[in-house]
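A short write-up of the structure that comes next.
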Amino acid sequence: MLIESAPPDAVPAPPQGPEFKLLSGPPAYRRIAPWRPISIVGTAVVLLVVAVIWANIYSSMHELKKPEIDDTFVALTLIFTPIQQLIMIGLAVWAAYAHGGDVVDALALRAPAQGWRAYVGCIGLYLLAVIVMGAALHYLQPGSNDADTDPFKKLLTSPYAWAAMLLVGVGAPLSEELLFRGYLFRWIAQTPLGVVGAAVGSSAFFSLMHSYSVIGMTQVFVIGMIFSWILVRTGSLRVTMLIHAIYNSVLAVLLMIGADSWV
């Protein structure tokens with residue numbers, strides 16, 4: 001087990017139960033033994049290559065504004081997005097496996113320390129945060145997200161909307177949480193930057209991978225910081241995955257039915 005090879009100052013796995021509070025007391029997230037160099041360097045290099053390739057592909061697709069080439073945009077997205085998501089999932093799992101320990105522990109995939117209370121409490125807190133953030137943005141700069149949501153609207157109103165829903169509501173939460181909050185957060189947290197540096201660093205990469213407008217990327221960064229807080233308090237990636245999936249799915253449905261103003 002990973003905890004057996006952990007450094008002396010590593011935090012042992014916390015017990016689960018109602019004594020663990022979401023808003024107070026010690027965090028449930030724990031450190032494990034450092035990643036092996038091969039998993040760090042190898043994953044970092046591949047991630048960088050994938051990020052550069054995807055950024056260029058996404059930027060090119062984002063320029064496809066004309067109605068007559070909408071079909072091309074949809075086709076390219078439905079081909080490249082699942083490939084990207086599978087690569088991200090594979091990188092995270094490979095890095096954990098290369099470490100030589102339990103993949104579930106390495107990627108914080110255990111149940112949350114607070115049990116079912118973690119899901120209920122974190123969903124409520126996240127909902128409150130995004131409502132406040134969305135209301136403030138709508139008041140200060142209405143319509144600022146239109147350019148970022150247009151490509152998704154094309155996908156979700158195409159004949160292949162069901163496939164787009166799977167990519168947005170299932171593929172994105174799985175791949176992004178495993179790579180950014182599972183692998184990248186864990187790696188940075190083991191350095192002198194600690195948990196705070198891990199939250200900022202993983203959220204920054206999470207934001208940059210989306211290739212949105214400045215406002216859109218700022219929103220994604222804030223969401224990444226919220227997910228990082230949830231991970232630290234609950235000690236479980238399961239909670240962030242579930243909330244990410246619910247959030248993406250709700251936004252996708254709103255775009256699908258034409259409720260753009262809510263997005």
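The figures follow:
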| read-out | value |
| --- | --- |
| Amide H partners (placed H, <5 Å) of residue 235, local residues excluded | 28, 29 |
| Over region 133-200, volume per residue of the alpha carbon convex hull, in Å³ | 113 Å³ |
| Ascending count of other beta-carbon atoms within 10 Å, so fewest first, for 227, 206 | 206, 227 |
| Computed label-point distance, nm, for sites residue 144 and residue 257 using a 7 Å Cα→Cβ extension | 2.7 nm |
| Ranked list, fewest to most other Cβ atoms within 10 Å of each Cβ, for 200, 214 | 214, 200 |
| Modelled FRET efficiency - R0 25 Å, residue 116 with residue 170, Cβ distances, 0.05 increments | 0.70 |
| Net lengthening on full extension, residue 213/residue 132 (0.36 nm per residue, minus Cα-Cα) | 27.2 nm |
| Protection proxy ranking of 85-95, 147-157 - average other beta-carbon atoms within 10 Å, highest first | 85-95, 147-157 |
| Cβ-based exposure ranking for 107, 128, in which fewest neighbours within 10 Å come first | 128, 107 |
| Sequence-distant residues sharing a close amide H with residue 212 (under 5 Å, placed H) | 217 |
| When the convex hull of its Cα atoms is projected in every direction, mean area for region 149-252 (nm²) | 6.2 nm² |
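No value in this document is a laboratory result; all are computed from the given coordinates. Everything numeric in this text was worked out from a predicted model, so none of it was measured. Heads up, the Cβs are rebuilt from the backbone with ideal geometry, glycines too, and the neighbour counts pull from every protein chain shown.
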